[in-house]
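Peer 1: Take a look at the following structure, please.
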Amino acid sequence: MPILKPTVALRNVTDITPELLKSLGTDAILLDVDNTLVPPTSKIPYDGVQEWIDKIKACGIAIVICSNNYKKRVKPFSDSVGLDCVAMSFKPTPIGFNRAKKLLKEKPESVLVVGDQIYTDILGANLAGMKSVLLVPRSEEHGFTIYIRRKLEKHIRKKIRIMDEGELYVSNGKR
């Protein structure tokens with residue numbers, strides 16, 4: 001289970017605060033797209049996402065989108081929110097995470113991966129030596145592979161405590 005365990009679990013990306021990022025030693029964030037920033041296949045971010053991106057960037061935290069989706073899906077969206085992207089990341093392998101890390105010129109321990117899937121985002125972050133935030137999926141997705149991944153995640157998610165809004169992560173594991 002530890003390789004499938006996130007550093008932190010939250011409801012929404014907008015629950016990630018500058019204080020939380022500081023407590024995690026974060027200098028950069030790698031963001032998933034679908035069900036993290038935007039409903040699957042949509043081009044319009046969830047409410048508050050653009051403002052959150054602007055706030056985090058204003059704090060000096062670099063952000064890159066890191067998605068398994070094709071460039072034709074990811075690039076127009078990343079451009080619309082003012083972020084660089086790495087498409088076709090091959091998560092959970094560290095390939096895409098390492099490409100993004102080089103783009104950011106950051107060490108793995110200062111990078112935070114944020115996403116909604118345990119078997120891609122969280123497993124990949126752990127394999128790449130990065131911290132992670134697991135989000136609650138906000139929209140229903142369709143398709144056989146996502147159905148299987150969500151079924152497999154179900155028992156793991158039951159063991160993960162979602163932090164309350166405003167709660168800070170403490171590195172000794174106690175909150």
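Peer 1: Between the stretch 49-81 and the stretch 89-109, what's the alpha-carbon centroid distance in Å?
Peer 2: Taking the Cα centre of each part, the stretch 49-81 and the stretch 89-109 sit 15 Å apart.
Peer 1: Could you identify which residue out of A28, A62, A100 has the top mean-square fluctuation in a GNM of the chain using Cα springs shorter than 10 Å?
Peer 2: Greatest mean-square fluctuation among the candidates belongs to A62.
Peer 1: Additional query: Classify the chain as rounded, prolate or oblate from the Cα gyration tensor: take a ≥ b ≥ c as the square roots of its eigenvalues, call it rounded if a/c is under 1.5, otherwise prolate when a/b beats b/c and oblate if not.
Peer 2: Working: a/c = 1.25, a/b = 1.03, b/c = 1.21.
Rounded.
Peer 1: When a/c reaches 1.5 or more, the comparison of a/b and b/c decides; with that in mind, is the stretch 78-156 rounded, prolate or oblate per its Cα gyration tensor?
Peer 2: Numbers: a/c = 2.03, a/b = 1.49, b/c = 1.37.
Verdict is prolate for the stretch 78-156.
Peer 1: In deg cm²/dmol, rounded to 500, what helix-only [θ] at 222 nm does the chain give when every DSSP H run of at least 4 residues adds -39500 (n - 2.57) and the total is split over its residues? Intermediate values should be presented prior to the final figure.
Peer 2: Numbers: 6 runs with 56 residues, N = 175.
Dividing the helical sum by the residues of the chain leaves -9000 deg cm²/dmol.
Peer 1: Go ahead and set up a Gaussian network model of the chain, Cα springs under 10 Å, then flag whichever of T41, T120, T17 fluctuates most.
Peer 2: Comparing T41, T120, T17 in the GNM, the peak value goes to T41.
Peer 1: Would you work out what percent of the accessible area of the chain, with all protein chains in place, is carbon or sulfur (probe 1.4 Å)?
Peer 2: 56 percent
Peer 1: Quick check for you: with a 1.4 Å probe and neighbouring chains kept, what is the accessible area per residue of the stretch 47-123, in Å²? Write out the running numbers ahead of the final one.
Peer 2: Values: 3580 Å² over 77 residues.
It amounts to 46 Å² per residue over the stretch 47-123.
Peer 1: For the chain, which longest stretch is free of loop sites, where a loop site is one of the GluC sites (Glu not before Pro) that DSSP puts outside H, G, I, E and B and that has at most 13 other Cβ atoms within 10 Å?
Peer 2: Numbers: sites that count: E140, E165.
My reading of the result: 1-139 is the longest stretch.
The values are calculated or read from the model by the stated rules, or taken from the named source; none is laboratory data. None of the values given here were measured: they were computed from a predicted structure. Glycine also receives a Cβ, built like all others from the backbone with ideal geometry; neighbour counts cover every protein chain displayed. Heads up: the accessible areas ignore ligands, DNA and RNA and are worked out on the full protein's heavy atoms, side chains in. Shrake-Rupley method; radii C 1.70, N 1.55, O 1.52, S 1.80 Å.
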